[in-house]
Amino acid sequence: MTSEAATVLLVDDEEELRRSTAQALELQDLTVETFAAAEDVLARVGYGFAGVVVSDIRMRGMDGMTLLQRIREIDHEIPVILVTGHGDVQLAVKAMREGAYDFMEKPFGVQALAGIIRRARDRRGLVLENRRLRAVAGKRDDIEARMPGRTPVMVDLRYRLRAIGATDADTLIIGETGAGKEVAARALHDISARANRPFIAINCAALPETLIESELFGHEAGAFPGAIRARYGKFEHARGGTILLDEIGSMPIELQAKFLRVLQERTITRLGSNETVPLDVRFVATSKVDLEAEVAAGRFRADLFYRLNVVTLHVPSLAQRAADIPLLFLQLVREASARYGREDMDVPPAIVSEVAHRRWPGNVRELRNAADRLVLGLDARGLEPATDDREEESKLAPRVAAFERGLIARTLAVHSGALRPVYEELGISRKTLYEKMQKYGLDKRATFDEGPE
């Protein structure tokens, strides 16, 4: 099988073992891409990735356990198979608890590994097909799961993401730090025809000035002192995929002219070469600063700004969608519970109220950190209400409970008592829905009179 659906991303820092395993898997009719470093795999996975990741656990740099965690942050349903040495079985069992699909102990039989890969691939195919069918049916889709919110600004943002996602239009995403600009960029990539190709994120503020052109455009051997062999740049490495230029306002003014030419001509020239290389990529740029003001100040080229400004998305800050904060926080708590292998927790109403009324200058990133700390039982950075606030909790709790009961009852009524669409729309597990229905005395057969008037 040679389709993208069969792609196996094989990660091992031992070259001989990596090569021999890849050859053996290819003899089993599997398409394999190999990687010496785990970091490079992250550019190849996303919500639209249709394959399987196979990784050694013990590697230099990022190890397999860290790779598993990073992949689960992108999409927790991507199958990751970990390979462990003798004596590391306990570590592998820990990985299974943290979400690994399976593990193999060295030395392993290639046929056995191929069988696990095929089962994991089939499961991934079902996941993607179910997501597609849910989207077609108008139910909560991946975009809404990643960028939740019921305020008009979020509904409009999701509409625009879906509208331009399937196109190849270069896009500028504007928003405050931590608001979710990179999440929006990944969403554009994952719903596009480029979903199974690389997603390369480049932090324009962190590029080393002395090597910036080499990093982006690549170089030929001997192009400068120390250039022992030819090297692809990040632009060329992303062939067929999407390039995210994070904080493009930080790109040096000298480089902006060269980048403008890349945007216009879709070709690059490596340092030390006169040959042009065609570049089939989509560019998505983000900025937390007003680029028009940067143009007026002479720090950003006007022609580059107008070339990028064909399609612009604005990701709202939490202050601009304050009504979403309570539900967003509860979703982040559920995600953190799943990520850290903890039971779903009932967040006290007083904490929900505190979260709703607090300013979050760090936006979703700061809110996610607070949710993580709450789930881990650490200092939640002042989320616990003060003593006076605790006295008010007895008054607040019944109001919160009444709101939650009404929301569940109305959703049950909308879906005629069918439970699956209810817990999917509310973003909770089946078990949690049953528990809350029991808590509030709700019967799915007796909720139709409680729907919207």
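The values are calculated or read from the model by the stated rules, or taken from the named source; none is laboratory data. Worth saying up front: this structure is predicted, and the values here are computed from it rather than measured. FYI the Cβ positions are ideal-geometry reconstructions off the backbone, even for glycines, and counts take in every protein chain you see.
Give me a count of the residues in the range 17-51 that are aromatic (Phe, Trp, Tyr) and within 15 Å of residue 82 (Cα to Cα).
Residues in the range 17-51 being aromatic (Phe, Trp, Tyr) and within 15 Å of residue 82 (Cα to Cα): 1 in total.
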Kindly list the number of the only condition in (1) surrounded by 16 or more Cβ atoms within 10 Å (Cβ to Cβ); (2) within 19 Å of residue 169 (Cβ to Cβ) that fails for residue 220.
(2)
Considering residues of the range 335-352 that are out of contact with any Ser or Thr (no Cβ under 8 Å at 6 or more places or on another chain) and among the charged types (D, E, K, R) only, the residue surrounded by the most Cβ atoms within 10 Å (Cβ to Cβ):
335
Can you find a residue that is closer than 22 Å to residue 105 by Cβ and in a loop (DSSP other than H, G, I, E, B) anywhere in the range 37-55?
no
Please go through (1) buried (at least 20 other Cβ atoms within 10 Å of the Cβ); (2) farther than 25 Å from residue 145 by Cα; (3) of a type outside the set (S, T, N, Q) for residue 104 and return the number of the only condition it doesn't satisfy.
(1)
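Would you point out which residue out of 410, 420, 373 is within 19 Å of residue 333 (Cα to Cα), in a helix (DSSP H, G or I) and at pLDDT 75 or above?
Only one candidate passes the filter, namely 373.
Given the options 231, 239, 197, name the one that is crowded, with 19+ Cβ neighbours inside 10 Å and among the basic types (Lys, Arg). Give the derivation first.
Details: 231 fails: crowded, with 19+ Cβ neighbours inside 10 Å; 239 fails: crowded, with 19+ Cβ neighbours inside 10 Å.
It is 197.
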If residue 303 meets every condition in (1) under 30 Å from residue 432 (Cβ atoms); (2) surrounded by fewer than 18 Cβ atoms within 10 Å (Cβ to Cβ) apart from one, which number is that one?
(1)
Verdict on residue 126 being crowded, with 21+ Cβ neighbours inside 10 Å, modelled with pLDDT of 85 or more and either out of contact with any Cys (no Cβ under 8 Å at 6 or more places or on another chain) or part of a helix (DSSP H, G or I) (or both):
no
Being more than 20 Å from residue 246 (Cα to Cα) and touching a Leu at 6+ places or on another chain (Cβ under 8 Å) is true for just one of 328, 308, 291, 304. Which residue is that?
328
Within the range 226-235, tally of residues that are more than 26 Å from the chain's Cα centre (by Cα) and either assigned to a loop (DSSP other than H, G, I, E, B) or not assigned by TED's automatic domain parsing to the domain that holds residue 164 (or both)
5
Would you point out which residue out of 179, 257 is more than 16 Å from the chain's Cα centre (by Cα) and of a type in the set (A, V, I, L, M, F, W, C)?
257
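Please state which one of 43, 38 is in the same structural domain as residue 126 (by TED's automatic domain parsing), touching a strand residue (DSSP E or B) at 6+ places or on another chain (Cβ under 8 Å) and in contact (Cβ under 8 Å) with a residue 60 or more places away in the chain.
Of 43, 38, the one residue that is in the same structural domain as residue 126 (by TED's automatic domain parsing), touching a strand residue (DSSP E or B) at 6+ places or on another chain (Cβ under 8 Å) and in contact (Cβ under 8 Å) with a residue 60 or more places away in the chain is 43.
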Looking only at the range 144-156, and only at residues there that are out of contact with any Gly (no Cβ under 8 Å at 6 or more places or on another chain) and crowded, with 17+ Cβ neighbours inside 10 Å, the one that is nearest to residue 190 (Cα to Cα):
146
How many residues, within the range 18-36, are closer than 19 Å to residue 105 by Cα and surrounded by 15 or more Cβ atoms within 10 Å (Cβ to Cβ)?
5
Looking at (1) assigned to a helix (DSSP H, G or I); (2) more than 26 Å from residue 332 (Cα to Cα), which is the one condition that is false for residue 70?
(2)
Report yes if some residue within the range 77-90 is surrounded by 14 or more Cβ atoms within 10 Å (Cβ to Cβ), among the aliphatic types (A, V, I, L, M) and part of a helix (DSSP H, G or I); otherwise report no.
no
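Yes/no matrix, rows are residues, columns are (1) at pLDDT 80 or above; (2) within 30 Å of residue 147 (Cα to Cα); (3) basic (Lys, Arg); (4) not assigned by TED's automatic domain parsing to the domain that holds residue 267:
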position	(1), (2), (3), (4)
195	yes, yes, no, no
199	yes, yes, no, no
211	no, no, no, no
215	yes, no, no, no
220	yes, no, no, no
224	no, no, no, no
How many of the residues in the range 297-326 are among the hydroxyl-bearing types (Ser, Thr, Tyr) and within 24 Å of the chain's Cα centre (by Cα)?
2
